[in-house]
Amino acid sequence: MPSSIFILLILVMFSCCYCQQQDDHLLIRSIEKLPVHTEVINLRRLLFPNNISDIKTIDFSLAKRDEFPYMYFLINHSSQGILTIRKEIDRDELCRLRHCRCDTWCDLELEIIVDREGFNIELITIRIIDRNDHKPVFLKNQINLTIVENAPIGAMIKLEAAVDHDQGPNSIIGYSLISSKSLPFSLLYNLIRGDLSLVVEQVLDRELISSYKFDIIARDGDNQTGILHVLVTIDDINDSPPKFEQLIYVLNNISESISIDSIISRVHAIDDDDGVNGEINYYLISQDNCFHVDAVTGDIHVRCLLDYETQTIHRLEIEARDRGEGYKTDFCTVLIHVLDENDNAPIIDIYSHDIQTDMNSLTIFLNESLPINSLILSLSIIDRDSDDNARVTWKLDPLSLIPFELIRLTESTGELRTKTLLDYEHISQYNLTLEAHDHGRPFSKSTHLNVYIIILDENDNIPTFQENNMTATITEHVKLISQDGYEIFHLHALDYDHGLNGEVVYSIINNENNVFRIDSNTGIIRALIEFDKKQQDKYILQVKAQDKGQPSLSSQGTITFTVISQNEYSPECDINNNNNNNISWSILENSEYGTIIGMLSCRDDDKDLPNGEISVYPQWFPEGKIDDQNKYMIPFEIMTTKSNITESTLLIIISVNGSVDREMFSFYALTLVISDHGNPSRSTNISIEIEILDENDHCPQLNIESSFIMINRDVTQSYFLINLVAFDLDIGSNGNITFELSPETSPLFTNLYPNGTLIVETDSYLITDDSLVLLHVQIRDHGQPMPCLIVETLRLFIGTNRTNWVTVAKKHNYDDRSLSLPTEGFQQGKRMAHAYSISSSSRSSPIFQFSSSISLLSARKQILLVFIGSSIIMFIVVLTMVLCFIDCVHKAAKEKKHNLAMTKANSISNNSSTPLTNTKHNFNSLSTEKKTFYKDSSSTNHYKSLIPTTKTKPITKISSSTSYSSSSIDSTTRANTAHNRAITNTFTYVALNTSDDFMPVDFDDNINSNVDDKRFELMMTTV
């Protein structure tokens, strides 16, 4: 033993010192697993062998420290250059980590920095010599093998070879069999591939020997061994292998859209053996994760989504293996041809420079000066499918009425070019859709691409005046209040360009005397002097409008100012009060169309025509107390007409032109700006407040949630109290509400006060438990001349703590029709209303939790009735609107046809009117004979008799030619209401339209006239 240790030390020293010179570096051999601090080589002796004693100052160091392979080495005594082991080196571990090539040599290269009057790098190679530190090892100590008795001579059973991590001669060099008996086997070992097989050398006979037990010894070059215990069992004969019905299975038209776990086919093999030897299992031996073979049935399952575009053919290798001892196998091939489905939509690729893309849309910016036939974009369309599924049809929508043209280069490529000139001012943006769809079956797929083409503006429009030669007037002797002068003209030029290209700057060309000044941005021209008509009565200005584009464009025009007399007077209106131009008028709500609220007479005393002309500018709710939407719902119309007295007098008439509802607006504020046409102009403001008087047009409404009231006599032992609340949208006496019970149906133990307090005497002997009591509550207002009354039905369920409220409700079988109030002689406005909740002082009682379930059935019935009633009402409203429209068209045509005949028959001198709304009106100022007419109740528009009757309704109209400020709320208009009130006054009538065909030659008011067939028609209006 000591001798072996001594020999090992000698080898280590020899290996450490042994080196040889390579072509460009030094090679040093060292054994693996040397102890730490073991010297590998003396670098000073290695690099400077001849003059080692002469060199005094020299240092050695490693180029790196902690990186591979420097981590294994250390230089002790840098001046001596002793290279030692820093970390134990395991050559086999380096081989496993592939840090060195173990099939040849395991070399580690080091760079040594030599500091000798300058730095120098020397490259040395450390070759790690393998040490036989591993012995052969089998992965298992014992294995059991089975072989059939009819195994032929030469049959091989592959075994797992032993493992030895050493290399070269230290590794495994051979195997041997060890047994106490003769064996019919031999070992076959391939040192290059590392294969180990057990070979049958003799015929086996299970009846003689059923098993063999032996050892396999693996030996390396240093005679170290590893042992494997082997038990070979001889099985009975399985001499028929499985046979597939087909060697190659071809599966065509397997759709790529087939679902996962679908069965596409089945393979089948036959084995002539019986029992276990004839049972077959199937295995997929090819690496294809998209398919799986059922081991028992041979069914081929799909395990992934197939994709024709990725792989068109799948090749499967399937093994059939019987279950006998020493199984036999057969193999077959399955070729799966995937059928293309239309699972890919066309793809549109766009090629352009100035674009912005976003998902399925792109934006292109084009200058409007782009020439014709300019390329906008190029496109290509592809479809990853095949055949008809990949054949694509594409189009651009819309293709007409756009300045672009789609040019097809091939079936899948094209260009978009301009076919006409672009114009930003005409159309600034085009929204196009490029649609591509394939011809797949059964359904095609399509792709849409929205193309937004934005036209960029260029300065291609010249600012233009509405008129190149303009005229205006200037009032003389206007005093200058400030040095900025006063406004006399507003110049305006139109430029259709956008941005700076459309911004206009104004200037005066011939302003030598500085008489005028113009605001360059707004175009407002101001006068800087006081004009005198005697000195100069005309001024001609040359003006210029220029935009801010690059390059700039401009145009010129001429303004001729004529000096006229001074605008001395402001418009004045005749107002019968001294409230500083404030007027208060009132009108009853629901007044008829055409009812006149009031009139104003305004004039201007200036003699010159521009200064004396008047215009009216109305403004409703000038303080902004109404939103913009309701401004279009003003139910009034303002009209102007010239007076017959003087040309300078203007009549302003305000009449009803819509539905007047006090509950919507109780008053209307109006400001009339009366302005003349002087330069500068003068104006007068008239403030008018129109008060809407209330009419009893609303009935009381009971604010109740449920008509069912459940009273528990154990909780309320003496009195049950509930406060009924109702509301009426009217005001005053029209909205004053009182309550009372119907005397015909109210029991003695209930009492209802006028203020709505209902008291039920729950301890009354007249009440029986589990009973239903109906109360009919009459709710009326105190409107004049006729109040409105409604009736509400309340249902009182009276019981105790023992009462089942649901059973009580079913027992009485409540229903709205069966519980309705019997017919009574109520006045106008009577109605029956049934609600479904209640507000009670005892609402907190737990008995009310059943109210919603009790009323569910009745609520459904009422919803159905409301739906049917609403449908009928809508049909009647639509039919009425159609008939009214036809009637209006007929009357308008007749009025236009007989306008001249009306003038001759009544000797009326009509003046043209200027309405401020869309409705046409004619107003006439003359005195006529006082008469009273009653319209016939028949369906035709004629008058049989002029005798007042009680069955006809008077057409009340007023005409006046002497007053210019009036109110329609007087003793005459109050007589005409929505409730057919009696007429007690006499009115003056004016005929607006008649016909010569219906005008008798000898007109007679005699009531005994025998001429019945000659009838006439008068269209009357009230002033």
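Filter region 753-765 for residues that are touching a Leu at 6+ places or on another chain (Cβ under 6 Å) and more than 17 Å from Pro700 (Cα to Cα); which is most open to solvent (accessible area, probe 1.4 Å)?
Within region 753-765, the match that is most open to solvent (accessible area, probe 1.4 Å) is Ile759.
Among the numbered criteria (1) open to solvent by 20 Å² or more (accessible area, probe 1.4 Å); (2) farther than 18 Å from Ile690 by Cα, which one does Ser584 miss?
(2)
What number of residues in region 175-198 are under 18 Å from Leu228 (Cβ atoms), open to solvent by 20 Å² or more (accessible area, probe 1.4 Å) and of a type outside the set (Asp, Glu)?
Number of matching residues: 15.
Of all residues in region 399-424, which are outside any strand (DSSP E or B) and either open to solvent by less than 50 Å² (accessible area, probe 1.4 Å) or assigned by the TED database to the domain that holds Tyr496 (or both)?
Residues satisfying the conditions are Ile402, Pro403, Ser412, Leu422, Tyr424.
Condition first: open to solvent by 40 Å² or more (accessible area, probe 1.4 Å), at pLDDT 90 or above and either hydroxyl-bearing (Ser, Thr, Tyr) or part of a loop (DSSP other than H, G, I, E, B) (or both). Now tell me which residues in region 472-509 satisfy that.
Listed by number, the residues that qualify are His492, Glu503, Ser507, Ile509.
I'm trying to understand the selection: among the residues of region 440-463, which are loosely packed, with under 15 Cβ neighbours inside 10 Å and more than 29 Å from the chain's Cα centre (by Cα)?
Arg441, Pro442
Quick one: how many residues across region 334-358 are within 30 Å of Pro242 (Cα to Cα) and open to solvent by 30 Å² or more (accessible area, probe 1.4 Å)?
Total meeting the criteria: 2.
What number of residues within region 417-439 are more than 26 Å from Gln550 (Cβ to Cβ) and within 31 Å of the chain's Cα centre (by Cα)?
8
Does any residue of region 712-722 turn out to be under 53 Å from the mean Cα position of the chain (by Cα), surrounded by 15 or more Cβ atoms within 10 Å (Cβ to Cβ) and in contact (Cβ under 8 Å) with a residue 60 or more places away in the chain?
Checking region 712-722: at least one residue is under 53 Å from the mean Cα position of the chain (by Cα), surrounded by 15 or more Cβ atoms within 10 Å (Cβ to Cβ) and in contact (Cβ under 8 Å) with a residue 60 or more places away in the chain.
Could you check, for region 55-77, whether at least one of its residues is at pLDDT 80 or above, closer than 27 Å to Glu117 by Cα, out of contact with any helix residue (DSSP H, G or I) (no Cβ under 9 Å at 6 or more places or on another chain) and crowded, with 18+ Cβ neighbours inside 10 Å?
yes
Name the pairs whose Cβ atoms lie under 7 Å apart, with the first residue in region 672-700 and under 30 Å from Asn590 (Cβ atoms), the second aromatic (Phe, Trp, Tyr) and open to solvent by less than 60 Å² (accessible area, probe 1.4 Å), and 6 or more positions between them or separate chains?
Ile688/Trp585; Ile690/Trp585; Ile690/Tyr668; Ile692/Phe665
Going through region 180-216 one residue at a time, which ones are of a type in the set (Val, Ile, Thr) and free of Cβ contacts under 8 Å to residues at least 40 places away in the same chain?
Ile192, Ile209
Residues of region 691-741 being aliphatic (A, V, I, L, M), in a loop (DSSP other than H, G, I, E, B) and out of contact with any Gly (no Cβ under 6 Å at 6 or more places or on another chain), which ones?
Result: Ile704, Val715, Val725, Leu729, Ile731.
Looking at region 588-607, which of the residues that are closer than 30 Å to Thr475 by Cβ and open to solvent by 50 Å² or more (accessible area, probe 1.4 Å) is modelled with the lowest pLDDT?
Taking the candidates together, the pick is Lys607.
Which condition from (1) modelled with pLDDT of 90 or more; (2) of a type in the set (Val, Ile, Thr); (3) over 12 Å from Cys699 (Cα atoms) is the one that Ile737 breaks?
Evaluating Ile737 over (1) modelled with pLDDT of 90 or more; (2) of a type in the set (Val, Ile, Thr); (3) over 12 Å from Cys699 (Cα atoms) leaves (3) as the failure.
Which of the residues that make up region 281-333 are touching a Cys at 6+ places or on another chain (Cβ under 7 Å) and open to solvent by 50 Å² or more (accessible area, probe 1.4 Å)?
Answer for region 281-333, where residues must be touching a Cys at 6+ places or on another chain (Cβ under 7 Å) and open to solvent by 50 Å² or more (accessible area, probe 1.4 Å): Asn289, Arg303.
Among (1) in contact with a Phe, Trp or Tyr (Cβ under 9 Å, 6 or more places away or on another chain); (2) open to solvent by less than 40 Å² (accessible area, probe 1.4 Å), which single condition is Ser615 missing?
(1)
Say whether the condition of being within 25 Å of Gln311 (Cα to Cα), open to solvent by 80 Å² or more (accessible area, probe 1.4 Å), in contact (Cβ under 8 Å) with a residue 40 or more places away in the chain and acidic (Asp, Glu) is met by at least one residue in region 239-252.
no
With a cut-off of at least 2 residues that are of a type outside the set (A, V, I, L, M, F, W, C) and more than 60 Å from the chain's Cα centre (by Cα), name the strands (runs of 3 or more DSSP E) lying wholly within region 27-123.
So the answer is 39-42, 59-62, 106-115.
Counting only residues that are crowded, with 18+ Cβ neighbours inside 10 Å and under 30 Å from Gly799 (Cα atoms), which one in region 723-737 is farthest from the chain's Cα centre (by Cα)?
Leu724
For Gly298, only one of the following conditions fails: (1) under 41 Å from the mean Cα position of the chain (by Cα); (2) of a type outside the set (Ser, Thr, Tyr); (3) at pLDDT 85 or above. What is its number?
(1)
So that you can scan it fast, the table gives a plain yes or no per residue for (1) open to solvent by 30 Å² or more (accessible area, probe 1.4 Å); (2) at pLDDT below 85:
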site	(1), (2)
Lys548	yes, no
Ser552	yes, no
Gly557	no, no
Phe561	no, no
Asn567	no, yes
Pro571	no, no
Asn576	yes, yes
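Would you be able to tell me the number of residues in region 67-106 that are within 23 Å of Arg44 (Cα to Cα) and without any contact (Cβ under 8 Å) to a residue 40 or more places away in the chain?
Count: 10.
Just checking, does region 366-380 include any residue being assigned by the TED database to the domain that holds His301, hydroxyl-bearing (Ser, Thr, Tyr) and either open to solvent by 40 Å² or more (accessible area, probe 1.4 Å) or part of a loop (DSSP other than H, G, I, E, B) (or both)?
Looking through region 366-380, none of the residues is assigned by the TED database to the domain that holds His301, hydroxyl-bearing (Ser, Thr, Tyr) and either open to solvent by 40 Å² or more (accessible area, probe 1.4 Å) or part of a loop (DSSP other than H, G, I, E, B) (or both).
Quick one: would you say Asn431 is at pLDDT 90 or above, exposed (fewer than 14 other Cβ atoms within 10 Å of the Cβ) and not assigned by the TED database to the domain that holds Lys533?
Taking the combined requirement at face value, the residue satisfies it.
The values are calculated or read from the model by the stated rules, or taken from the named source; none is laboratory data. Just so it is clear, the model here is predicted, and its values are computed rather than measured. Heads up, the Cβs are rebuilt from the backbone with ideal geometry, glycines too, and the neighbour counts pull from every protein chain shown. Ligands, DNA and RNA are stripped out before the accessible areas are found, and what is left, the full protein with its side chains, is counted by its heavy atoms. Shrake-Rupley method; radii C 1.70, N 1.55, O 1.52, S 1.80 Å.
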